[in-house]
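For reference, the structure discussed in these notes is given below.
The values are calculated or read from the model by the stated rules, or taken from the named source; none is laboratory data. This structure is a prediction, so every number in the text was calculated from the model and none was measured. Quick reminder, even Gly has a Cβ in these numbers, built from the backbone with ideal geometry, and neighbours come from all protein chains shown.
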Number of protein chains: 2
Amino acid sequence: MKKTYLFTPGPTQIPPDVVLAEASPMIHHRTSEFSDIFANVSEDLKYIFQTNDGEVFTFASSGTGGMEACVVNSLSRGDKAVVVRGGKFGERWAQLCETFGVTVVSVDVENGKAVDPDVLNDTIQREKEVKAVFATLSETSTGVVHNIEAIAKVVKGHNLLLVVDAISGIGVHPLMMDAWGIDIAVTGSQKGCMLPPGLAFVCVAKSAWGAIEKSDLPKYYWNFKKMQKALSNRTTAYTPAISLIMAAGKALAMIREEGIENVWSRHAKLANATREGVKALGLELFAGDASGNVLTSVKAPEGVNIDAGIKKLRDETGVTITGGQDELKGKIFRIGHMGYVNEFDIVLAISAVEKILYENGYKMELGKGVSRVQEILVG
Amino acid sequence: MKKTYLFTPGPTQIPPDVVLAEASPMIHHRTSEFSDIFANVSEDLKYIFQTNDGEVFTFASSGTGGMEACVVNSLSRGDKAVVVRGGKFGERWAQLCETFGVTVVSVDVENGKAVDPDVLNDTIQREKEVKAVFATLSETSTGVVHNIEAIAKVVKGHNLLLVVDAISGIGVHPLMMDAWGIDIAVTGSQKGCMLPPGLAFVCVAKSAWGAIEKSDLPKYYWNFKKMQKALSNRTTAYTPAISLIMAAGKALAMIREEGIENVWSRHAKLANATREGVKALGLELFAGDASGNVLTSVKAPEGVNIDAGIKKLRDETGVTITGGQDELKGKIFRIGHMGYVNEFDIVLAISAVEKILYENGYKMELGKGVSRVQEILVG
C-alpha cells in the first residue's frame with residue numbers, strides 16, 4: 001500500500017475540494033456560467049498578485065509559456081535586457097530573450113546565492129539603453145529567494161521595466177505588484193496556487209502598457225492585447241482549460257479565505273521547521289541564508305546516492321521529494337513545502353528524509369529531525 | 001433541476017471514467033510513473049492520427065497554440081504559404097502566418113462550402129515558390145468537412161508541405177497521416193478525444209523534418225526539436241498538464257478499445273440521423289452536402305431569435321447547443337455530436353431543438369424530428 005505525498009517543487013498536492021471542482025460537469029466557455037467563474041478567478045488572482053490596478057491573464061500553458069508571453073509582449077527586436085541569472089530558471093529568461101532577438105546582459109549569481117541589488121544597479125548603470133530587467137522570485141532549481149522589493153527599487157530608480165518570474169514563489173512569499181512597482185509577473189498553477197499544472201497566470205500592471213504598445217516581437221497565442229480585450233468580456237482569447245479554471249475557482253477562494261498574509265506566515269513557519277529539521281540531522285542547507293520558503297534545498301551528504309534513495313522512497317512509499325537538476329544532479333535534494341501543506345506534512349517529510357539517509361548508511365540519530373520539527377511547530 | 005448535456009463543437013462531454021482519471025492523485029512528472037502514462041498516451045495518439053512513422057507532441061495549450069507551433073516550426077520569414085480559408089479557423093491559419101512574416105495566398109471558399117481541389121491546384125500552379133499549404137479538416141464555424149485526402153494529392157503533386165488543422169475533426173472523420181502523406185496535423189483535447197480543453201496534440205511526420213530543420217522563425221515553448229528530444233525520454237520539454245494527461249490515458253484507451261474505424265462509423269451514423277432529424281422539421285442544412293460528422297450547422301428559420309432560444313434552453317434545462325460566430329451570429333445554430341455521444345444523445349438533442357423552435361413560434365409538428373431520428377437509429 002502506497003500513499004501519495006508530493007513534496008516536490010511543483011506539482012504540489014491538490015486539496016480534495018479542488019479536485020472535486022476540477023471534476024465538475026464540463027460546461028461551454030462562451031456562456032454566462034463560465035464567465036461568472038472566470039471573472040471570480042481573475043479577481044482572486046489580482047488578490048494573489050496584490051494588485052488593484054493590474055490585470056491577470058490566464059493562459060492554457062505551462063509556466064514557461066507564460067514567461068515567453070512576458071518577453072514577446074514587452075520587448076522589441078534588438079532591445080537590451082538585463083537578466084538576473086541565478087539558476088536554471090534565471091537562465092530560461094536569458095534563453096527566451098535571445099530566442100526572440102533581444103540582447104541579454106547577464107547578472108550571474110552563484111548557485112545558491114541571492115543577487116546583490118548593488119551589483120544589479122552597477123550593471124544597469126554600466127550598460128547603455130537597457131529596456132527591461134528580468135528577475136526570479138524563487139529560483140526553484142536552488143531554493144534561493146531573491147529580494148524582489150530591493151530589485152524593484154533599483155529598477156524603478158532607472159525607470160526600467162521589471163518582469164518577475166514568480167512561478168514558484170507566489171502564494172508563498174509576498175509579491176506586491178502595486179506596492180513594489182512590478183510591471184509584469186508570471187506564475188504557474190501547480191505551485192502555491194494548489195492546482196494541477198496547465199495554467200499560466202500573467203499579471204500586467206498599468207505601467208507595462210507603454211512597453212507593450214511599442215513591442216514589435218511577433219505574437220499571436222500570447223498576445224496581451226487580445227487577452228485584455230477578452231478579459232473585459234469576462235473570457236479568454238482562445239478556448240480556456242475549463243476544468244483547471246473551475247478548479248482555480250475553488251483553490252483561489254481557499255487562499256482568500258485563509259488570507260494571503262496568513263498563507264505567507266504559514267509557509268514561513270513550515271519552511272523554518274524544515275530547515276531546522278534537516279540541520280538537526282547534521283545536514284547543510286544548499287542556499288544558506290538565501291533559502292526561501294518554497295522549498296528547502298539540502299546538500300546531499302558524502303557517500304549517499306541521493307537520487308537512488310529518492311527513487312526507492314517514492315517507489316516503496318509514494319512519498320516524493322526531488323533531487324537536483326542539471327549540474328546540481330546528485331549534489332542536492334529538495335523538499336517542496338508550498339501550497340496545501342500543514343505542520344504534519346513537515347513531520348512526514350522529515351521522517352522520509354531520515355528514512356532515506358538511514359537506509360543509505362548516513363550516520364545519524366533516528367528521530368532527531370522529526371523531534372526538532374515537533375519542538376518548533378508544536379512547542 | 002438541470003442536467004448538463006453539451007452538444008457544443010468543443011468542449012464535448014467527458015466520460016465519467018475519464019473524469020476519474022483526471023481526478024487521480026497528483027504525481028510528479030519527472031518519474032517513471034508519469035513517463036509510463038505519457039508513453040502510452042503518445043502511442044495512442046499515433047493511432048488516433050493513423051501514423052506509424054510520425055510522432056505526436058503534447059503541449060499544455062489550447063488548439064490555437066498548437067496551430068502556432070505548426071507555423072513557427074515549419075516556415076521561415078518571407079516564405080509563401082497557401083491557406084484554404086473557408087471560415088473562422090481557416091482565417092486563423094492566415095492570421096498566424098501573417099503574424100510571423102509569412103506571405104499568405106488565400107484560397108477563399110464560401111462559408112458553408114468545401115474547397116475545390118482543382119482551385120487549390122490552380123492557385124499553387126499560378127503562384128511561384130509556395131512552401132506550404134495550410135488546410136482545415138473540419139471547419140468548426142460552418143460545419144463543413146474538407147476533403148483532406150484530395151487536398152493531400154494536390155499538395156504532394158507539387159511536393160509541398162501540408163499542414164492540417166484537424167482540431168475538431170480527428171476521432172470523428174478519418175485522417176490518415178501516413179496513407180495520405182500529411183506532414184503536420186494538430187488537434188485539441190476537447191473535441192473527439194473526449195477530454196477537457198487544455199492540451200494540443202501536434203503530429204509531425206518524418207517528411208516534415210526537412211522544413212523544420214530549415215525554419216528560422218523564433219520559437220521556444222513551441223519548439224518541436226525540444227519536444228522530440230523530450231519525447232525520446234518519455235516526457236515533455238516543460239511541465240506537462242499532468243491531470244489532463246492522466247485523463248488522456250483513459251480517454252484514448254477507450255477509443256482504441258472501440259476501434260477507430262468503429263468510432264468513425266458511429267459518428268457518421270449519428271451525424272446522418274441529426275441531419276435527417278432537422279430536415280424533418282423543415283429546416284435547411286447550412287453546409288448542405290459539405291456537412292461533416294463533427295457538428296450539424298442549420299440555418300435559423302426566419303422570425304426565430306435563435307441565440308435567445310439557445311440561452312433560454314441552457315438556463316432552464318442545462319442542454320447546450322451553440323449559435324453562429326462572427327458574421328454567422330443569429331443566422332445559424334450548431335449541434336455538436338462528437339466524442340462521447342450515442343444514439344440517445346441525438347434523440348435528446350433533436351428534442352431540445354424542437355423545444356427551442358416550438359417555444360419561439362416556429363410552425364412545426366412536434367415530435368417529427370425525434371421520430372425521424374428513431375426511424376434512422378433504431379429502424
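Among the conditions (1) of a type outside the set (Asp, Glu); (2) in contact with a Cys (Cβ under 9 Å, 6 or more places away or on another chain); (3) within 12 Å of chain A (Cβ to nearest Cβ), B:Val186 misses just one, which is (3). Looking only at residues in region A:336-379 that are acidic (Asp, Glu) and assigned to a helix (DSSP H, G or I), the one that is nearest to A:Pro174 (Cα to Cα) is A:Glu343. Just one of the numbered conditions (1) on the phi > 0 side of the Ramachandran plot; (2) surrounded by fewer than 24 Cβ atoms within 10 Å (Cβ to Cβ) is not true of A:Ser32: (1). State all residues of region A:54-98 that are among the polar types (S, T, N, Q), surrounded by 24 or more Cβ atoms within 10 Å (Cβ to Cβ) and not in a helix (DSSP H, G or I); if no residue qualifies, say none. Within region A:54-98, A:Thr58, A:Ser61, A:Ser62 qualify. If I filter region B:24-43 for residues that are under 21 Å from the mean Cα position of the chain (by Cα) and touching a residue at least 24 places away in the same chain (Cβ under 8 Å), do I get at least one hit? Checked against the condition, which is being under 21 Å from the mean Cα position of the chain (by Cα) and touching a residue at least 24 places away in the same chain (Cβ under 8 Å), region B:24-43 yields at least one hit.
Within region B:234-261, how many residues are assigned to a loop (DSSP other than H, G, I, E, B) and either in contact (Cβ under 8 Å) with a residue 24 or more places away in the chain or buried (at least 19 other Cβ atoms within 10 Å of the Cβ) (or both)?
Here is the first cut: in region B:234-261, the ones assigned to a loop (DSSP other than H, G, I, E, B) are B:234-241, B:259.
Filter once more, keeping what is either in contact (Cβ under 8 Å) with a residue 24 or more places away in the chain or buried (at least 19 other Cβ atoms within 10 Å of the Cβ) (or both): B:234-241.
Summing the residues that are assigned to a loop (DSSP other than H, G, I, E, B) and either in contact (Cβ under 8 Å) with a residue 24 or more places away in the chain or buried (at least 19 other Cβ atoms within 10 Å of the Cβ) (or both) in region B:234-261 gives 8.
The condition of being at the interface with chain A (Cβ under 10 Å from one of its Cβ atoms), at pLDDT 95 or above, within 24 Å of B:Met194 (Cβ to Cβ) and in contact with a Pro (Cβ under 9 Å, 6 or more places away or on another chain) holds for B:Gln13. Can you say whether A:Thr4 is facing chain B (nearest Cβ under 7 Å) and of a type in the set (Val, Ile, Thr), as far as the supplied structure shows? Judged against the criteria, A:Thr4 is a match.
Within the group A:Asp165, A:Asp183, A:Asp178, which residue is charged (D, E, K, R) and within 12 Å of the chain's Cα centre (by Cα)?
Working: A:Asp183 fails: within 12 Å of the chain's Cα centre (by Cα); A:Asp178 fails: within 12 Å of the chain's Cα centre (by Cα).
One residue alone meets the criteria, A:Asp165.
Okay, residues lined up against (1) surrounded by fewer than 24 Cβ atoms within 10 Å (Cβ to Cβ); (2) part of a helix (DSSP H, G or I); (3) of a type in the set (S, T, N, Q):
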site	(1), (2), (3)
A:Pro197	no, no, no
A:Trp209	yes, yes, no
A:Lys225	yes, yes, no
A:Gln228	yes, yes, yes
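Taken over region A:280-314, residues that are surrounded by fewer than 16 Cβ atoms within 10 Å (Cβ to Cβ), in contact (Cβ under 8 Å) with a residue 60 or more places away in the chain and within 20 Å of A:Leu366 (Cα to Cα) amount to 1. Screening B:Asn73 with (1) touching a helix residue (DSSP H, G or I) at 6+ places or on another chain (Cβ under 8 Å); (2) away from chain A (no Cβ under 14 Å); (3) not aliphatic (A, V, I, L, M) gives one miss only, at (2).
Quick check on A:Gly65: is it of a type in the set (Gly, Ala, Ser), more than 20 Å from the chain's Cα centre (by Cα), within 14 Å of chain B (Cβ to nearest Cβ) and farther than 24 Å from A:Leu285 by Cβ? Considered against the rule, which asks whether it is of a type in the set (Gly, Ala, Ser), more than 20 Å from the chain's Cα centre (by Cα), within 14 Å of chain B (Cβ to nearest Cβ) and farther than 24 Å from A:Leu285 by Cβ, A:Gly65 comes out as no.
State whether one or more residues within region B:137-153 are within 19 Å of B:Ser76 (Cβ to Cβ) and either more than 14 Å from chain A (Cβ to nearest Cβ) or not β-branched (Val, Ile, Thr) (or both).
Residues of region B:137-153 within 19 Å of B:Ser76 (Cβ to Cβ): none.
No, that holds for no residue.
Against the test of being out of contact with any strand residue (DSSP E or B) (no Cβ under 7 Å at 6 or more places or on another chain), at pLDDT below 95 and not in a strand (DSSP E or B), the options A:Gly282, A:Gly303 yield a single qualifying residue, A:Gly303.
Only residues that are without any contact (Cβ under 8 Å) to a residue 40 or more places away in the chain and either under 14 Å from A:Val115 (Cβ atoms) or in contact with a helix residue (DSSP H, G or I) (Cβ under 9 Å, 6 or more places away or on another chain) (or both) were counted in region A:138-159, giving 11.
Take the conditions (1) within 19 Å of the chain's Cα centre (by Cα); (2) crowded, with 19+ Cβ neighbours inside 10 Å; B:Asn342 misses just one of them, which is (2).
Among the candidates B:Gly367, B:Gly336, B:Gly330, the residue that is touching a residue at least 24 places away in the same chain (Cβ under 8 Å) and on the phi > 0 side of the Ramachandran plot is uniquely B:Gly330.
Look through B:Phe49, B:Phe89, B:Phe38 and report the one residue that is within 14 Å of another protein chain (Cβ to nearest Cβ), of a type in the set (Phe, Trp, Tyr) and touching a helix residue (DSSP H, G or I) at 6+ places or on another chain (Cβ under 8 Å).
On the way: B:Phe49 fails: within 14 Å of another protein chain (Cβ to nearest Cβ); B:Phe89 fails: touching a helix residue (DSSP H, G or I) at 6+ places or on another chain (Cβ under 8 Å).
Just a single option satisfies the conditions, and that option is B:Phe38.
Can you find a residue in region B:361-377 that is in contact with a strand residue (DSSP E or B) (Cβ under 6 Å, 6 or more places away or on another chain), surrounded by fewer than 17 Cβ atoms within 10 Å (Cβ to Cβ) and closer than 28 Å to B:Ile14 by Cα? Within region B:361-377, not a single residue is in contact with a strand residue (DSSP E or B) (Cβ under 6 Å, 6 or more places away or on another chain), surrounded by fewer than 17 Cβ atoms within 10 Å (Cβ to Cβ) and closer than 28 Å to B:Ile14 by Cα. Quick one: count up the residues across region B:176-195 that are in contact with an Asp or Glu (Cβ under 9 Å, 6 or more places away or on another chain) and crowded, with 24+ Cβ neighbours inside 10 Å. Of the residues in region B:176-195, 5 are in contact with an Asp or Glu (Cβ under 9 Å, 6 or more places away or on another chain) and crowded, with 24+ Cβ neighbours inside 10 Å.
Of the residues making up region A:319-335, just one is modelled with pLDDT under 95 and either touching a Pro at 6+ places or on another chain (Cβ under 6 Å) or in a loop (DSSP other than H, G, I, E, B) (or both), namely A:Gln325. Mind listing whichever residues of region B:104-128 are more than 14 Å from chain A (Cβ to nearest Cβ) and under 25 Å from B:Trp209 (Cβ atoms)? Residues satisfying the conditions are B:Val105, B:Leu120, B:Ile124, B:Glu127, B:Lys128.
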